[in-house]
Amino acid sequence: MSVKVALIGLGYWGPNLARSLNSLKEAQLHTICDIDTGRLEQFGLQYPGVRVTSDYNEVLKTREIDAVILATPVHNHFKLAKEALKAGKSVMVEKPLAQTSAECRELIALAETGGLTLMTGHVFIYNAAVQKVKEYIQSGELGQVYYIYSQRLNLGRVRQDVNALWNFAPHDFSILCYWLDAIPRQVIARGYSYIQPGIEDVVFTTLNFPGGVAANVHISWLDPHKVRRMTVVGSEKMVVYDDVNSEARIMLYDKGVSKRENAQSPSGSNRDSLGRYETFGEFQLLLRAGDVLIPKLDFKEPLKMECRHFINCVSTGQRPITDGYEGLRVVQILEAAQESLATGSAQSINVERT
Ligand SMILES: NC(=O)c1ccc[n+]([C@@H]2O[C@H](COP(=O)([O-])OP(=O)(O)OC[C@H]3O[C@@H](n4cnc5c(N)ncnc54)[C@H](O)[C@@H]3O)[C@@H](O)[C@H]2O)c1
């Protein structure tokens, strides 16, 4: 039996969700809802047979609707998700899950009490290229991960309700936590507002992950280039994930720096108990620049994979990969980064058991 879904919000992103949902045989796009009646009319024509309403309460009252997907602005994610969970419906919320970690915790508790699915729309976790990089990290192919940097830049879609950090960085933060299987302990962010006072257009965030792994995230909607690139530098290899390069989303570089014992140094006595060289003259640094590999990926549309996963979780009760806790972790990082923007100082993040 197919899961009956209501999609709320038909602005920029909602129509992509409608298309993905409509292509899944295990889901039925039952209702589309937007307070903008012009958008409703337009998409009602595109999806004949799908009920249209501008009143969210209609969705909540319709018993046969199993699940709600929210693609509305972030300021009403919490309110609408809470109402849906209270009405007994499973919910997928577009990123970020809510505006505060307290709100996220409340949604998690409501979903758990009601035995309902709560999922966060962290779409990149369903992207085959992102999954491939995780495989490289986990298998040890890259060696020890030293640092990661990310650039998510573009010109346009300047928002008035959230800054560039809250708009774009949920993607980078969710990918980093997924790759490293950890959340950062400390965050420092610097942001600059040029177009609208108090709304940062460009933000540089540095995150310290456990094990000394550093990450830097550069976000901007005021940039000449469209860039969606992340680089992971490991002790053995380095990998570049470039989401806009469909021919080579992943490039694995056999590059690195290794240490070789200096033949001139007295043998046997030049390492301490941890295997480190004691003086500079006792080793040579060797640069290694080998082949570059572009792995073949079985790339399927991430948004469709995300919707399919949500529908599966609703029908089986399985816990989503990007569940409420995953949404909470990302909101915790956003809160810390926002606090750092405001105070100029580094912020610590408390790791919660989930
Ligand atoms: N995963 C991604 O790559 C991605 C990309 C873009 C946006 N998003 C997310 O999607 C969400 C929506 O972003 P957008 O850019 O489409 O915003 P948008 O402002 O273009 O569209 C939001 C729509 O929601 C409608 N709406 C607002 N309140 C409503 C309510 N109470 N009931 C019914 N409809 C309501 C508005 O009329 C509007 O049509 C945000 O959470 C954003 O972060 C995700």
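The values are calculated or read from the model by the stated rules, or taken from the named source; none is laboratory data. Everything numeric in this text was worked out from a predicted model, so none of it was measured. Neighbour counts run over all protein chains shown; Cβ positions are idealised from the backbone, glycine included. The area values use the complete protein model at the heavy-atom level, side chains included, leaving out ligands, DNA and RNA. Shrake-Rupley method; radii C 1.70, N 1.55, O 1.52, S 1.80 Å.
Working carefully through the options Ala84, Ala71, find the one that is more than 11 Å from the ligand (Cβ to nearest atom) and either in contact with a helix residue (DSSP H, G or I) (Cβ under 8 Å, 6 or more places away or on another chain) or modelled with pLDDT under 95 (or both).
Working: Ala71 fails: more than 11 Å from the ligand (Cβ to nearest atom).
Answer to the selection: Ala84.
Where in the stretch 46-157 are there helices (runs of 4 or more DSSP H), lying fully within it, with 2 or more residues that are surrounded by fewer than 21 Cβ atoms within 10 Å (Cβ to Cβ) and assigned by TED's automatic domain parsing to the domain that holds Leu207? Break it down stepwise before answering.
Values: elements: 56-61, 77-86, 101-114, 128-139.
Per the criteria, 128-139.
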Lys89 passes all but one of the listed conditions (1) under 15 Å from Gly324 (Cα atoms); (2) within 12 Å of the ligand (Cβ to nearest atom); the exception is number (2)
Quick one: would you say Glu112 is out of contact with any Asp or Glu (no Cβ under 8 Å at 6 or more places or on another chain) and of a type in the set (D, E, K, R)? yes
Exactly one of (1) free of Cβ contacts under 8 Å to residues at least 24 places away in the same chain; (2) farther than 23 Å from Asn312 by Cα is unmet by Phe43. Its number? (1)
Say we look at the stretch 175-207 and pick out the residues that are among the hydroxyl-bearing types (Ser, Thr, Tyr) and more than 16 Å from the ligand (Cβ to nearest atom); which of these is most open to solvent (accessible area, probe 1.4 Å)? Tyr194
Going by what's in this entry, would Asp172 be described as within 15 Å of the ligand (Cβ to nearest atom) and of a type in the set (D, E, K, R)? yes
Residue pairs, Cβ under 7 Å, 6 or more apart or interchain, first in the stretch 8-27 and in contact (Cβ under 8 Å) with a residue 40 or more places away in the chain and buried (at least 18 other Cβ atoms within 10 Å of the Cβ), second of a type in the set (A, V, I, L, M) and in a loop (DSSP other than H, G, I, E, B). List them. Ile8/Ala71; Gly9/Ala71; Gly14/Ala71; Leu17/Ala71
Residues Val123, Val133: which one is in contact with a Phe, Trp or Tyr (Cβ under 6 Å, 6 or more places away or on another chain) and modelled with pLDDT of 95 or more? Val133
Is it true that some residue in the stretch 221-231 is more than 16 Å from the ligand (Cβ to nearest atom) and open to solvent by less than 20 Å² (accessible area, probe 1.4 Å)? yes
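Determine, yes or no, whether Lys79 is within 16 Å of the ligand (Cβ to nearest atom), among the charged types (D, E, K, R) and under 23 Å from Gly317 (Cα atoms). Steps first, answer last, please.
Values: within 16 Å of the ligand (Cβ to nearest atom): yes; among the charged types (D, E, K, R): yes; under 23 Å from Gly317 (Cα atoms): no.
No, not satisfied.
Yes/no per residue for (1) β-branched (Val, Ile, Thr); (2) within 12 Å of the ligand (Cβ to nearest atom); (3) outside any loop (DSSP other than H, G, I, E, B):
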position: Ala6; (1), (2), (3): no, yes, yes
position: Leu29; (1), (2), (3): no, no, yes
position: Ile32; (1), (2), (3): yes, yes, yes
position: Leu40; (1), (2), (3): no, yes, yes
position: Phe43; (1), (2), (3): no, yes, yes
